[in-house]
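In what follows, a structure is listed as structure tokens, so that the remarks can point back to it.
The values are calculated or read from the model by the stated rules, or taken from the named source; none is laboratory data. Keep in mind that this is a model prediction, so the values were computed, not measured. Positions of Cβ are generated from backbone atoms using ideal geometry, with glycine treated the same way; all protein chains shown enter the neighbour counts.
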Amino acid sequence: MITVTQTHSVDNQNVDVQDTDLAHSVALREGFAPAVITVTGRNQPGVSAAFFRVLTAYDVQLLDVEQSVFRGHMSLAAYVGVDPERAERLSEGLTETLRGHGQKVVLELEDEIISARPRSSHDIIILGNPVNAEDVSSIGQTLANYDANIDRIRGIADYPVTGLELKVTVPNTEPGGGHALRKALAALTPELGVDIAIERSGLLRRSKRLVCFDCDSTLITGEVIEMLAARAGREAEVAAVTERAMRGELDFEESLRERVKALAGLDESVIKEVAGEIELTPGARTTIRTLKRMGYTTAVVSGGFIQVLDDLVEELEIDYARANTLEIVDGKLTGRVIGEVVDRAAKADFLREFADAEGLHMFQTVAVGDGANDIDMLSAAGLGIAFNAKPALKEVADTSVNHPFLDEVLYMLGIPREEIDASDLEAGTFRRVSLDQL
């Protein structure tokens with residue numbers, strides 16, 4: 001089936017003002033008219049070669065081309081310049097040639113040159129298990145309420161959550177221009193049960209080079225001080241203080257010193273025992289490994305204890321690590337820490353120190369944490385991610401992750417699952433654990 005139709009271009013009212021200059025960047029050959037040709041059908045070898053062979057025979061000028069394959073179905077679109085008098089014959093030639101490949105062809109002549117592809121102003125990531133049509137519908141309506149236009153959608157993850165990336169053009173995209181939209185999308189997260197992140201598109205997003213993680217309940221699943229306190233039979237007492245500190249109800253340094261007192265008299269051997277019992281958060285190993293392969297600098301800052309973390313830091317090849325130091329005298333824990341306490345202000349200071357050591361600007365940093373002790377660090381970072389966090393941290397974070405998988409940090413950075421898996425397959429480190437086991 002073939003149709004040759006005459007259509008009228010419609011101005012996209014949602015395109016960034018800067019994009020209007022691009023409308024004049026396409027130059028047609030004299031006597032040519034703009035046209036859009038689309039080819040759809042089952043993907044198979046030879047379709048593209050046959051398509052361009054026919055275009056060559058009709059002396060077609062290429063202005064823009066996009067081809068994609070989705071679940072075995074191919075879509076090939078070309079924005080071209082053609083001799084209007086030969087357009088119908090070109091359409092017939094394409095149809096006849098590509099019919100044998102099981103393809104459908106549509107050629108549409110345009111009255112005038114269509115503006116160049118919009119330069120999306122923002123990227124939106126949707127993560128969930130599952131993501132339903134209702135979720136995307138609600139997000140799409142919210143975008144429409146703010147005159148934002150969805151330019152492209154692609155899938156970026158099928159494990160351990162479903163991930164979609166939306167390229168979006170938001171009007172009035174001067175600094176802070178998307179703030180109201182950001183708040184509206186954040187309000188949808190608890191209602192829909194999916195994680196939604198929005199960030200400015202372009203080079204700024206791709207410039208992130210340093211990712212710094214909190215440790216307890218972020219990089220690892222438990223709280224180290226509670227694991228140590230269990231050896232002294234005072235886990236419940238210490239856990240209650242920890243919870244209050246994480247909510248921001250207690251000064252962190254004061255709460256830390258109070259909790260460490262409960263460890264007095266323990267043999268230093270418990271440090272190795274607890275270190276051996278640490279469990280990484282699901283996806284942590286994959287996340288650190290992928291970041292390292294891509295040339296990111298990784299760091300961990302913890303209100304816990306460096307003696308417990310040393311082996312983990314070495315195993316994961318994390319570049320920087322800072323934590324508190326337990327005092328040990330004659331093989332026993334004294335119930336005190338030595339040196340400066342790693343509190344919320346210190347965490348932010350360490351992030352700046354790491355960035356400075358790597359020659360990076362702060363907008364190139366990412367911080368991931370879960371409690372009030374991470375507020376300053378996430379506020380200082382170029383991108384602050386609250387990971388299954390307390391409300392006090394979610395209020396200041398740029399975005400929140402509410403599923404127990406650290407892989408989501410990679411998706412927030414625009415790294416798709418297929419590239420993660422391809423790298424792991426090549427290196428022999430590919431492994432998928434059944435979600436029922438997590």
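Structure above, values below:
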read-out	value
Total residues in the stretch 54-69, condition hydroxyl-bearing (Ser, Thr, Tyr) and either assigned to a loop (DSSP other than H, G, I, E, B) or farther than 21 Å from residue 30 by Cα (or both)	2
Matching residues in the stretch 142-161 - criterion: being buried (at least 20 other Cβ atoms within 10 Å of the Cβ) and free of Cβ contacts under 8 Å to residues at least 60 places away in the same chain	143
Test: residue in the stretch 205-221 that is part of a loop (DSSP other than H, G, I, E, B), touching a residue at least 40 places away in the same chain (Cβ under 8 Å), among the aliphatic types (A, V, I, L, M) and outside the structural domain of residue 361 (by TED's automatic domain parsing)	no
Helices (runs of 4 or more DSSP H) lying entirely in the stretch 346-438 (those with 2 or more residues that are under 22 Å from residue 304 (Cα atoms))	375-380, 391-394
So residue 39, is it modelled with pLDDT of 95 or more and in contact with a His (Cβ under 6 Å, 6 or more places away or on another chain)	no
Yes/no for residue 57 being surrounded by 20 or more Cβ atoms within 10 Å (Cβ to Cβ) and in the same structural domain as residue 32 (by TED's automatic domain parsing)	no
Some residue of the stretch 193-215 being surrounded by fewer than 16 Cβ atoms within 10 Å (Cβ to Cβ) and acidic (Asp, Glu)	no
So residue 91, is it under 32 Å from the mean Cα position of the chain (by Cα) and over 17 Å from residue 30 (Cβ atoms)	no
Which numbered condition residue 51 misses (of (1) in contact (Cβ under 8 Å) with a residue 12 or more places away in the chain; (2) in a strand (DSSP E or B))	(2)
Flag if residue 239 is on the phi < 0 side of the Ramachandran plot and without any contact (Cβ under 8 Å) to a residue 24 or more places away in the chain	yes
Positions within the stretch 242-261 being without any contact (Cβ under 8 Å) to a residue 40 or more places away in the chain and β-branched (Val, Ile, Thr), in sequence order	242
Residue satisfying condition, being under 23 Å from residue 249 (Cβ atoms) and surrounded by 15 or more Cβ atoms within 10 Å (Cβ to Cβ), within set 355, 381, 397	397
Filtered residues of the stretch 327-352 (kept if touching a residue at least 24 places away in the same chain (Cβ under 8 Å) and under 18 Å from residue 384 (Cα atoms))	343, 344, 345, 346, 347, 348, 350, 351, 352
Selection count where residues are touching a residue at least 24 places away in the same chain (Cβ under 8 Å) and more than 12 Å from residue 215 (Cβ to Cβ), scope the stretch 362-376	8
Selected residue [modelled with pLDDT under 90 and touching a strand residue (DSSP E or B) at 6+ places or on another chain (Cβ under 7 Å)] from 113, 124	113
Some residue of the stretch 311-325 being touching a Ser or Thr at 6+ places or on another chain (Cβ under 6 Å) and closer than 21 Å to residue 225 by Cα	yes
Unmet requirement for residue 428, which otherwise passes all of (1) on the phi > 0 side of the Ramachandran plot; (2) touching a Gly at 6+ places or on another chain (Cβ under 8 Å)	(2)
Extreme residue, surrounded by the most Cβ atoms within 10 Å (Cβ to Cβ), among residues of the stretch 94-109 that are among the charged types (D, E, K, R) and within 40 Å of the chain's Cα centre (by Cα)	108
